[in-house]
Structures are given as structure tokens and as C-alpha cells.
Amino acid sequence: MNNIVLCGFMGCGKSTVGKNIARKSGKKFVDMDSYIEEKAGMRVSEIFEKYGESGFRDMEHEACRELSLEKNLIIASGGGALTFARNVEVFKQNDVIVLLDVPLDTIKYRLRNDTKRPLLQRPDKDEAMAELYEKRLPLYQAAADVTVKGEETPLGTAFAVMDAVRLYSK
Ligand code: S3P
């Protein structure tokens, strides 16, 4: 089978849900940020510091291209990845893109104590998140083949994704 690519805003549960899908389906889970970190030998926050966001986006694009060449992966994309046409194009060729749809208020709550995401380390974090969320949601929706509500338990959402992908692939 081709890869399942989870997309959606930071904190929507891509990694947690992805791990549950992998566990239930016996497929391999790949977290795109960890993949980039391993290749670069540094954390995402350090990549942002050293090379800026655009340097990170280039590494992210490279990761998308490499991962799309594989099969049977459950991929948790980074929250920005599928907002770029060049990455959507790469995954659209063979893979199923699934949007985990979670309301902004839930995201804000989940990320209230976040210290690791460079885009959120700012005093006006709530406003910045709201602005980014509004800008990105239509891009995620356009990229996604399937949308699943992501407010259930991670396992419940994992099953919902698996069902939705099965229906989509028929
Ligand atoms: C980003 C989301 C992060 C990570 C980087 C940029 C974004 O991934 O790729 O900090 O632009 O939304 P998560 O969605 O896993 O937090």
C-alpha cells in the first residue's frame, strides 16, 4: 500500500495518532520532524536558529521527497509541510493525505505550555496561532484526500483514519 500522510496544525495529534495507526496496522511510523532532525544532527529549533525557517523548509521538502519514495509508511508530517504546493505535489502522486481536523481552541489548550516549537515562542502566541490557523486551514483542506475529526482519543482517531482511508482507497 502507499503511504498514509497525516497533516494538520501543530498539536492536532499527527504523531500520537500516527503511532497508534502503525501499531494497529503493523506498518512503520515515521515522524517527519524526527527524520529531519536525525539527518541534520540537530533539533528543529536549532535548524531554525542556524538556517532560518527557509533553511528548515528546504530540508523538509527533501524529507517529503525521500519519504514519498517509500511504501507502507504512516507519516506524521510537520504542521507546515502540507501548506507548500511543492510538498503536496510530491505526496499527491501515490499517497493518501489525511487531515486531522481539530478546532483552534483545543489546539491552543494542547499547546499552552509548548516550549519546543520555534513558531510559537513569542509573547503574542495566541494571536499568532489564530492567524496561522486561519491561513493554513484552507490549504490543509485543499491538500487532503480525506478529513477526519481529531478530537477523540488517539486510538479512536487512529481507527477513524484507517476506516476513512479504506473507504477512500476502494
Ligand atoms: C511547524 C510544525 C512543527 C515543525 C516546525 C514547524 C509548522 O511540527 O515542523 O516547528 O510550521 O507548523 P509539528 O506540527 O509536529 O509540531
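The values are calculated or read from the model by the stated rules, or taken from the named source; none is laboratory data. In this text, all values refer to a predicted model and were calculated from it rather than measured experimentally. Quick reminder, even Gly has a Cβ in these numbers, built from the backbone with ideal geometry, and neighbours come from all protein chains shown. We work out accessible area using only protein heavy atoms, side chains counted, and drop any ligands, DNA or RNA first. Shrake-Rupley method; radii C 1.70, N 1.55, O 1.52, S 1.80 Å.
Listed values, structure above:
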{"quantity": "Residues being away from the ligand (no atom under 12 Å from the Cβ) and under 20 Å from residue 107 (Cα atoms) - total across the stretch 1-56", "calculated": "3"}
{"quantity": "Positions within the stretch 151-170 being at pLDDT below 95 and within 16 Å of the chain's Cα centre (by Cα), in sequence order", "calculated": "151"}
{"quantity": "Residue in the stretch 151-170 that is of a type in the set (Gly, Ala, Ser) and closer than 20 Å to residue 80 by Cβ present", "calculated": "no"}
{"quantity": "Looking only at the stretch 19-44, and only at residues there that are within 29 Å of residue 153 (Cβ to Cβ) and of a type in the set (Gly, Ala, Ser), the one that is surrounded by the most Cβ atoms within 10 Å (Cβ to Cβ)", "calculated": "22"}
{"quantity": "Flag if residue 76 is touching a strand residue (DSSP E or B) at 6+ places or on another chain (Cβ under 8 Å), within 10 Å of the ligand (Cβ to nearest atom) and under 16 Å from residue 132 (Cα atoms)", "calculated": "no"}
{"quantity": "Number of the exception - residue 90 against (1) out of contact with any Ser or Thr (no Cβ under 7 Å at 6 or more places or on another chain); (2) farther than 15 Å from residue 158 by Cα; (3) open to solvent by 10 Å² or more (accessible area, probe 1.4 Å)", "calculated": "(1)"}
{"quantity": "Criterion (surrounded by 14 or more Cβ atoms within 10 Å (Cβ to Cβ), under 29 Å from residue 42 (Cα atoms), under 17 Å from the mean Cα position of the chain (by Cα) and at pLDDT below 95) met by exactly one of 67, 120", "calculated": "120"}
{"quantity": "Residue count for the stretch 49-64, restricted to those that are surrounded by 17 or more Cβ atoms within 10 Å (Cβ to Cβ) and not aliphatic (A, V, I, L, M)", "calculated": "4"}
{"quantity": "Members of the stretch 93-107 that are open to solvent by 30 Å² or more (accessible area, probe 1.4 Å), away from the ligand (no atom under 15 Å from the Cβ) and β-branched (Val, Ile, Thr)", "calculated": "none"}
{"quantity": "The listed residue being more than 14 Å from residue 17 (Cβ to Cβ) and touching a Gly at 6+ places or on another chain (Cβ under 6 Å), out of 111, 104, 120", "calculated": "111"}
{"quantity": "Residue match in the stretch 101-119 (condition: in contact (Cβ under 8 Å) with a residue 24 or more places away in the chain, hydroxyl-bearing (Ser, Thr, Tyr) and touching a helix residue (DSSP H, G or I) at 6+ places or on another chain (Cβ under 9 Å))", "calculated": "no"}
{"quantity": "Residue 83 near the ligand (Cβ under 10 Å from one of its atoms) and under 12 Å from the mean Cα position of the chain (by Cα)", "calculated": "yes"}
